[in-house]
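Colleague: One structure is given below, represented as structure tokens, and several questions about it will come after.
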Amino acid sequence: MKEILSIILLAVFPVFSMAGDKEDKIRQLMEAQGLLSMFESQLEMGKVQSEKVGKQMMDQLLSQINPNEEFQARFSAAFNNYMGKVTAPWGADEIVSVWGQYYGQHFTEKELDSLVDFYTSSIGQKEVKASKKALTEFTVHFQNLSEPIFQKATQDYIQELKLVARECNCQK
């Protein structure tokens with residue numbers, strides 16, 4: 001029985017070791033590609049955008065009322081609650097890990113070695129820097145295009161809610 005268990009362990013152990021090697025290579029590649037810092041930037045941009053939206057909605061509301069200190073504190077707490085809910089519960093490391101699961105299945109270890117070699121080369125690093133800069137500019141471009149659309153939709157939504165609330169006449 002011990003011999004069978006030993007044979008099974010010897011057969012399975014290299015598979016676990018190879019899986020770890022592949023994961024390490026994918027992580028090396030992703031770091032060389034700058035994906036970790038790109039994902040961190042994307043998470044931060046999402047947080048900044050959510051904060052901007054939350055503050056705009058708060059400003060819109062506060063422009064129509066004059067709350068005392070107690071209610072100002074409650075509005076501030078509501079904003080913090082909103083930010084807690086819209087902030088992604090995962091970080092860049094989790095995103096990279098999941099990326100590695102889906103990405104890694106398409107490459108052999110030898111191919112991953114070649115990719116790591118390329119992305120750690122000077123031309124590979126130049127490509128990474130250009131991609132990172134382009135992605136940031138690309139994201140800002142579409143955020144800027146979306147901003148007036150979102151603001152108008154939010155204002156219209158708030159106005160519609162106010163109208164429905166007035167017409168409802170259903171205050172507690």
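The values are calculated or read from the model by the stated rules, or taken from the named source; none is laboratory data. In this text the structure is predicted, and so the values were computed from the model without any measurement. Reconstructed Cβ throughout: ideal geometry from the backbone, glycine too, with neighbour counts over all protein chains shown. Calculation scope for accessible area: heavy atoms of the full protein, side chains included, ligands and nucleic acids excluded. Shrake-Rupley method; radii C 1.70, N 1.55, O 1.52, S 1.80 Å.
Colleague: Leaving out ligands and nucleic acids, and using a 1.4 Å probe, what accessible area per residue does the chain come to in Å²?
Modeller: 76 Å²
Colleague: At 1.4 Å probe size, what's the solvent-accessible area of Val98? Round to the nearest 10 Å².
Modeller: 70 Å²
Colleague: Now for a separate question. With all protein chains present and a 1.4 Å probe, how do Glu160, Glu109 order by accessible area, largest first?
Modeller: Glu160, Glu109
Colleague: Considering only Cα-Cα distances, which of the following residue pairs are longer than 31 Å: Lys47/Lys133; Lys55/Lys133; Lys55/Lys129; Lys22/Lys85; Lys55/Lys132?
Modeller: Lys55/Lys129; Lys22/Lys85
Colleague: Given the stretch 57-101, report the % of alpha carbon pairs whose separation exceeds 14 Å.
Modeller: Counting pairs separated by more than 14 Å, the tail of P(r) holds 64 percent.
Colleague: So, with a 1.4 angstrom probe, what is the percent of accessible area on the stretch 114-172 that is carbon and sulfur?
Modeller: Carbon and sulfur atoms account for 62 percent of the accessible area of the stretch 114-172.
Colleague: In debye to the nearest 20, how big a dipole does the chain give about its Cα centre with +1 on each Lys and Arg Cβ and -1 on each Asp and Glu Cβ?
Modeller: 460 debye
Colleague: In whole Å, what are the Cα extents of the chain along the three principal axes, biggest one first?
Modeller: Principal extents (Cα only, largest first): 79, 51, 29 Å.
Colleague: If you don't mind, another one. Enter the accessible area of Phe150 (Å², nearest 10), with the probe set to 1.4 Å and all protein chains included.
Modeller: Result for Phe150: roughly 90 Å² accessible.
Colleague: Got a sec? Charge dipole of the stretch 43-172, +1 on Cβ for Lys and Arg, -1 for Asp and Glu; which of Leu161, Tyr103, Asn144 is way out at the positive end?
Modeller: Farthest towards the positive end: Leu161.
Colleague: List the relative contact order of the chain as a percent without decimals, with contacts defined as Cα pairs under 8 Å and 6+ residues apart.
Modeller: 37 percent
Colleague: Take the Cβ-Cβ distance between Gln101 and Lys47 as r, set R0 to 25 Å, and report the resulting FRET efficiency rounded to the nearest 0.05.
Modeller: Here the calculated transfer efficiency is 0.50.
Colleague: Another question, then. With a 1.4 Å probe and all protein chains in place, put Leu161, Leu135 in order of accessible area, largest first.
Modeller: If we order Leu161, Leu135 from most to least accessible, we get Leu161, Leu135.
Colleague: Under the rule of -39500 (n - 2.57) per DSSP H run of 4 or more residues, summed and divided by the residues of the chain, what mean residue ellipticity at 222 nm is obtained, to the nearest 500 deg cm²/dmol?
Modeller: -30500 deg cm²/dmol
Colleague: Here's something else I'd like to know. Determine the order of Arg27, Arg166, Arg74 by accessible area, beginning with the largest, at a probe radius of 1.4 Å.
Modeller: Final ranking, largest accessible area leading: Arg166, Arg74, Arg27.
Colleague: What size of dipole, in debye to the nearest 20, comes out for the stretch 116-158 about its Cα centre when the only charges are +1 on Lys and Arg C-beta atoms and -1 on Asp and Glu C-beta atoms?
Modeller: 140 debye
Colleague: Report Asp93's accessible area, 1.4 Å probe, all protein chains in place, as a number in Å² to the nearest 10.
Modeller: Rounded to the nearest 10, the figure is 90 Å².
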